[in-house]
Amino acid sequence: MSLNYIKNFYEGCLRPPTVIGQFHTLFFGSVRMFFLGVLGFAVYGNEALHFSCDPDRRELNLYCYNQFRPITPQVFWALQLVTVLVPGAVFHLYAACKNIDPEEILERPLYTVFYIISVLLRIILEVIAFWLQSHLFGFQVHPLYMCEASALEKAFNVSRCMVPEHFEKTIFLSAMYTFTVITILLCVAEIFEILCRRLGYLNNQ
């Protein structure tokens, strides 16, 4: 019985009840994760090693890098992807436990409401992630970072640090913002598709 639940959960996650939802799964699961996993590591993988300040001392470089990056972009975006997956995963787990076919979701009002709530939660989480990203990383990576290092040693005061590959990081940052916006638009379009199909079911009755 438990294997049947797992099978239903897996199929529900891969085959949402809407066309836009299926495209969102493909876009989310393939393009976005590939972009983050492969290109993200190439762009940000060795950033801490090449981040250097004046004077070039190891403890100063580490202190200023931690100030420059309170959280590394790869970790933030990985957490974003996992968090955004949670509402849909919870709904499909509920559907698997109730043995609900994907075709039934839009035919029954209660299931439709639950599914719309999961989509709305995805939108809210993406908007929060967009806001956090803008506050943590901004919209552009500058080549120089002025580090307040007086807490480490009074002689340092303000240290000037070089940010490696700042132009590549700006492009990657813009791409991640774009992915977030596209995902939000897909979720909004999915809600409209659900409402239109529900109206179709009501008219047929």
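The values are calculated or read from the model by the stated rules, or taken from the named source; none is laboratory data. From a predicted model like this one, the values you see are computed outputs, not experimental measurements. Virtual Cβ from ideal backbone geometry, glycine too; neighbours counted across all protein chains shown. Areas reflect the complete protein model, heavy atoms only, side chains present, ligands, DNA and RNA absent. Shrake-Rupley method; radii C 1.70, N 1.55, O 1.52, S 1.80 Å.
Considering only the stretch 76-98, how many residues are over 10 Å from the mean Cα position of the chain (by Cα) and either modelled with pLDDT of 85 or more or assigned to a helix (DSSP H, G or I) (or both)? Give the steps one after another, and end with the answer.
Our first condition is that a residue be over 10 Å from the mean Cα position of the chain (by Cα); within the stretch 76-98, this holds for 86-98.
Remaining after also requiring either modelled with pLDDT of 85 or more or assigned to a helix (DSSP H, G or I) (or both): 86-97.
The qualifying residues number 12.
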(request) Spot the failing condition for HIS166; the list is (1) touching a Pro at 6+ places or on another chain (Cβ under 9 Å); (2) open to solvent by 80 Å² or more (accessible area, probe 1.4 Å), and only one is missed. (result) (2)
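Yes or no, residue by residue, for (1) at pLDDT 90 or above; (2) under 30 Å from PRO17 (Cβ atoms):
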residue	(1), (2)
LEU110	no, yes
VAL119	yes, yes
VAL127	yes, yes
GLY138	no, no
ARG160	no, no
LYS169	no, no
MET176	no, yes
ARG197	no, yes
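Take the residues in the stretch 43-70 that are hydrophobic (A, V, I, L, M, F, W, C) and either open to solvent by less than 80 Å² (accessible area, probe 1.4 Å) or more than 21 Å from LEU173 (Cα to Cα) (or both); name whichever of them is nearest to the chain's Cα centre (by Cα). It would help to see each step written out before you state the result.
Step one: list which residues in the stretch 43-70 are hydrophobic (A, V, I, L, M, F, W, C), which gives 43, 48-49, 51, 53, 60, 62, 64, 68.
Those still in the list that are either open to solvent by less than 80 Å² (accessible area, probe 1.4 Å) or more than 21 Å from LEU173 (Cα to Cα) (or both) too: 43, 48, 51, 53, 60, 62, 64, 68.
Working: VAL43: 17, ALA48: 22, PHE51: 26, CYS53: 31, LEU60: 32, LEU62: 27, CYS64: 26, PHE68: 21 Å.
That would be VAL43.
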